[in-house]
1. Taking Val280, is it aliphatic (A, V, I, L, M) and free of Cβ contacts under 8 Å to residues at least 40 places away in the same chain?
2. Of (1) open to solvent by 40 Å² or more (accessible area, probe 1.4 Å); (2) modelled with pLDDT under 95, Tyr44 satisfies all except one. Which?
3. Check Arg381, Arg386 and return the single one that is at positive phi, surrounded by 13 or more Cβ atoms within 10 Å (Cβ to Cβ) and at pLDDT 95 or above.
4. For the stretch 344-373: of the residues being in a loop (DSSP other than H, G, I, E, B), among the hydrophobic types (A, V, I, L, M, F, W, C) and within 28 Å of the chain's Cα centre (by Cα), which is surrounded by the fewest Cβ atoms within 10 Å (Cβ to Cβ)?
5. Considering the stretch 134-152 alone, what residues qualify as being at pLDDT below 95, outside any helix (DSSP H, G or I) and surrounded by 17 or more Cβ atoms within 10 Å (Cβ to Cβ)?
6. What number of residues within the stretch 254-304 are open to solvent by 60 Å² or more (accessible area, probe 1.4 Å) and closer than 30 Å to Lys231 by Cβ?
7. Going by the structure shown, is Tyr228 of a type in the set (Ser, Thr, Tyr) and under 23 Å from the mean Cα position of the chain (by Cα)?
8. Counting only residues that are small (Gly, Ala, Ser) and open to solvent by 40 Å² or more (accessible area, probe 1.4 Å), which one in the stretch 98-133 is farthest from Asp391 (Cα to Cα)?
Amino acid sequence: MQLGWIDFSKEDRQKALDVINLLSEQGAVDELGIGIVRDAFANYFFPGTSTIQTRAKYFLIVPYVLREAVDGRYGKDVNRILRAIDSAEKDCGIRLLNADPKAEGVIGTRVLPKGWVARKPSDIYWNGIRTYGIFCDYGISISEYVSLAVKLREQKSVSSRLGNRNDDAEENDKDDSDAGDIANIRFWNLPIYNDDWRDNLTIELTQEEAFYLDKQIQKSTKGSLFEYVLKNHIDLNEYDDFASLTAELSEKVSEKLAYMMKLACDFNKLVYMARVRYNVMLSEGENTYANDEWSRLLPNIRHNATVDLDAVFGELQLINPRAKSFLCGIQAAFMASDIDMADELIRKRERSLKGAARAKLSRTKEFDHSKWVGGGKLDYRFSNTRRIVNDIYDGEVSADV
């Protein structure tokens, strides 16, 4: 039996690529299939973020590119406009590197200027741009936005030629000249920027951009940890990880947020024990770090396994019976100090996710027993958010207005 792929549309293809890309995201290695819970917690605390976002500036670069791409300069052909967007994003990457060859977080650093990336900045940041109200979200993709903007501009042009104008025509035409802000649909909510924004482009936010992004994130993520951090100007550099942040803020944030943060930390402890056992098994007991970690965790195995899994799935509104069954099973095994049962559950879980032939635990001899596999403690995108927050803070104190 042969399997094939039918490419129905570019939108379908992009959705499929998005799923595939999730599997290769930094920090998303998920041998035991708990990513659904990890990501739900991350979305709760830090909405609009992702593990492959690099710098805050892209939350503005992408809208600038997308907004002007539909102002008529590239014609009416949607595919041509999409290619122009791709080219413009690459050009921005080159400009950023020219401004500072050592700049961190510039997408495409390893392949520019000759090559370009498969996952473009617009793909990486689109969800955040919509989440933060930078794009007035109508639940559409970038290609759908381009198509709609082109159609609306054409309709406006036809109406003007037919003389269907009102007393406010000149003012409306001025508004319409702002790329994408057509008819009664307003696509973008952006700070004022000049047409020559590409000139002297750097990865750092201008002061105006920083204040704008700070305000937009707070406004659109009410009740989240992200909002609290920005509202109270919390310096995330003072914390090593999500657990240390939780310990410091648990008595300062709202009762509900404190509860969710503790729940996430409790969940982290259970998952980390499973990941340590996975590495002990994969290395056939030869990974020194995994062995040492297990020896450290073993005396408190019952305490580390104590997490309300019903609350985790209930609060996050998750429905995944297989994931929950695995987590409940391994929790029970750890609570009973039945390590053999825990190991068997881990083995079965990986096999059910990948199949016997692809499961690493079925091929332990093929792997370097000194390497750690499958992720460590859950970060919940704390590290990525810290980078974004640092960019905002740095921009707000900059002299560039």
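1. Numbers: aliphatic (A, V, I, L, M): yes; free of Cβ contacts under 8 Å to residues at least 40 places away in the same chain: yes.
When the stated conditions are applied, Val280 passes them.
2. Going through the list (1) open to solvent by 40 Å² or more (accessible area, probe 1.4 Å); (2) modelled with pLDDT under 95, Tyr44 breaks only (2).
3. On the way: Arg386 fails: at positive phi.
Checking each option against the conditions leaves just Arg381.
4. Step one: list which residues in the stretch 344-373 are in a loop (DSSP other than H, G, I, E, B), which gives 355-359, 363, 367-373.
Those still in the list that are among the hydrophobic types (A, V, I, L, M, F, W, C) too: 356-357, 359, 367, 372-373.
Now narrow it down to the ones that are within 28 Å of the chain's Cα centre (by Cα): 359, 372-373.
On the way: Ala359: 18, Trp372: 18, Val373: 16.
That would be Val373.
5. Selection gives nothing.
6. So the first thing to find is which residues in the stretch 254-304 are open to solvent by 60 Å² or more (accessible area, probe 1.4 Å), and the list is 254-256, 259, 262, 269, 284, 286, 288-289, 292, 295-296, 298-300, 302-303.
Add one more test, that the residue is closer than 30 Å to Lys231 by Cβ, and what stays is 254-256, 259, 262, 269.
So the count comes out to 6.
7. Numbers: of a type in the set (Ser, Thr, Tyr): yes; under 23 Å from the mean Cα position of the chain (by Cα): yes.
Answer is yes for this residue.
8. Of the stretch 98-133, the ones small (Gly, Ala, Ser) are 99, 103, 105, 108, 115, 118, 122, 128, 133.
Add one more test, that the residue is open to solvent by 40 Å² or more (accessible area, probe 1.4 Å), and what stays is 99, 118.
Numbers: Ala99: 17, Ala118: 25 Å.
Step by step, filter the stretch 98-133, then rank; the result is Ala118.
The values are calculated or read from the model by the stated rules, or taken from the named source; none is laboratory data. No experiment lies behind these values; they were computed from the predicted model shown. All Cβ positions, even for glycine, are placed from backbone atoms using ideal geometry, and neighbour counts span all protein chains on display. The accessibility values were calculated without ligands, DNA or RNA, using every heavy atom of the protein model including side chains. Shrake-Rupley method; radii C 1.70, N 1.55, O 1.52, S 1.80 Å.
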